[in-house]
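The next block holds one structure in the form of structure tokens; read it before the comments.
No value in this document is a laboratory result; all are computed from the given coordinates. Source: prediction; values computed, not measured. Positions of Cβ are generated from backbone atoms using ideal geometry, with glycine treated the same way; all protein chains shown enter the neighbour counts.
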Amino acid sequence: MNNDLFSVQNKRVLVTGGSRGIGKMIAQAFVRAGANVTICSRKQDELDAALAEMSPEGIITGLRADLSTYAGVDAFSEVFAKRGETLDVLVNNAGAAWGAPLDDYPESGFDRVWAINVKGLFHLTQKMLPLLRARATIEEPTRVINIGSIDGIRVAATENYAYAASKAAVHQLTRQLAHRLIGEHINVNCIAPGLFPSKMTAFLFQDEETTSQVAETIPMKRAGRADDIGGTAIYLASRASAYLTGVVLPVDGGMTTHG
Ligand SMILES: NC(=O)c1ccc[n+]([C@@H]2O[C@H](COP(=O)([O-])OP(=O)(O)OC[C@H]3O[C@@H](n4cnc5c(N)ncnc54)[C@H](OP(=O)(O)O)[C@@H]3O)[C@@H](O)[C@H]2O)c1
């Protein structure tokens, strides 16, 4: 086995929503593995904090972007291309959730969730295609890694209608994009995380007691960690997964298989 099988050294990687949570875990894994990483999100202070934390470990830059509107995606893509960026790996991670009882579930929540989770992901991928095409070869396909969710696979305990449906849409977009782009040597895969501590799931991980209660509901008896998600992203970006496309990979401590 060549020891560069899992290497992402010097790869150009863009992680949307890389300022915190799962996006930051993924960005940090790439930085530590020697990739050249760009993160983007809306809040400048959180971007700055993430960059300050990760820059000592490698190459990382940040750009502000609101990917929930077509104009925002367009503006970001223009700035990114003007910086002379190339791209080997696009990680579509930025996302939002909304929970509310069925009878009160608001249209605004539905629109907000779909705007970023589905439309933003689709249009950013579309805009990044010229860069992904420029680097794609039969031996070294470029990669799109979408972040879905196990809530798009099985029915969640929480009433998060728009979110769960949006993640099922992300999984299907993954398959359709993989099908369309296979001849262009762009592999499109998806990670479906289980439960990872983040701002999105902070209501579940409030203190030690609630954290251990959550852990009890997970077959592997613990929440997801940075290495779990980072390691999977590295695999999906490396030569080790060059022959894999259109796959939705649950990283969930067994939640979908033992539910
Ligand atoms: N945590 C979990 O257990 C879990 C499970 C399954 C799936 N996921 C998925 O994993 C991804 C990350 O979730 P997370 O838990 O890490 O959530 P999080 O902590 O809320 O992080 C979300 C990230 O996305 C960015 N973002 C949100 N809206 C954006 C927009 N309009 N434009 C650009 N960036 C935007 C946020 O930064 P700004 O707010 O500054 O823009 C932040 O960096 C999501 O797709 C989520 O659905 C998470």
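Averaging the sequence gap over all C-alpha pairs within less than 8 Å and six or more residues apart, then dividing by the number of residues, gives the chain a relative contact order of 20 percent. Here the Karplus curve 6.51 cos²θ - 1.76 cosθ + 1.60, taken at θ = phi - 60°, turns the phi angles of segment 231-241 into couplings of x, 5, 5, 4, 4, 5, 9, 9, 4, 4, 10 Hz, with x standing for Gly and Pro.
Near the amide H of residue 62, within less than 5 Å, lie the amide hydrogens of 39, all on another chain or at least 5 residues away, with H placed in the peptide plane.
Measuring between their Cα centroids, segment 52-94 and segment 172-197 lie 19 Å from each other.
Here the chain is assigned +1 on the Cβ of each Lys and Arg and -1 on the Cβ of each Asp and Glu. Its dipole about the Cα centre then comes out at about 800 debye.
With Cα atoms defining each centre, segment 199-246 and segment 116-134 are spaced 25 Å apart in the structure. For a modelled paramagnetic label at residue 42, 7 Å from Cα along Cα-to-Cβ, the residues of segment 192-227 in reach, with backbone nitrogen under 20 Å, are 198-203. Helical content alone sets the calculated 222 nm signal of the chain at -12500 deg cm²/dmol, taking -39,500 (n - 2.57) per DSSP H segment of four or more residues and averaging over every residue. Using the Cβ of residue 229 as centre and a radius below 14 Å, the other residues enclosed give a net charge of +2, where K and R count +1 and D and E count -1. Remark: segment 45-51, residue by residue, has Karplus-estimated 3J(HN,Hα) of 5, 6, 4, 4, 5, 5, 5 Hz, where x stands for each Gly or Pro and the curve is 6.51 cos²θ - 1.76 cosθ + 1.60 at θ = phi - 60°. Placing dummy labels 7 Å off each Cα toward the beta-carbon, the span from residue 107 to residue 75 is 2.6 nm. With θ taken as phi - 60° and the Karplus curve 6.51 cos²θ - 1.76 cosθ + 1.60 applied, the whole-hertz 3J(HN,Hα) list for segment 127-140 is 6, 8, 4, x, 5, 5, 5, 4, 9, 7, 9, 4, 7, 10 Hz, x standing for glycine and proline. Ranking 226, 123, 251 by how far each Cα lies toward the positive end of the dipole of segment 12-251 (charges on Cβ) leaves 123 at the top.
Each of 59, 150, 191, 26 has some number of other Cβ atoms within 10 Å of its Cβ, and from fewest to most they run 59, 150, 191, 26.
Close amide-amide hydrogen proximity is noted between residue 252 and 194, each under 5 Å apart and 5 or more residues distant or on a separate chain (H modeled in the peptide plane; Pro and chain starts excluded). When the square roots of the Cα gyration tensor eigenvalues are ordered a ≥ b ≥ c, the ratio a/c for the chain is under 1.5, which makes its shape rounded.
Simple rule: put +1 on each Lys or Arg Cβ and -1 on each Asp or Glu Cβ in the chain, find the dipole, and look at 190, 141, 25; the Cα lying farthest toward the positive end is 141.
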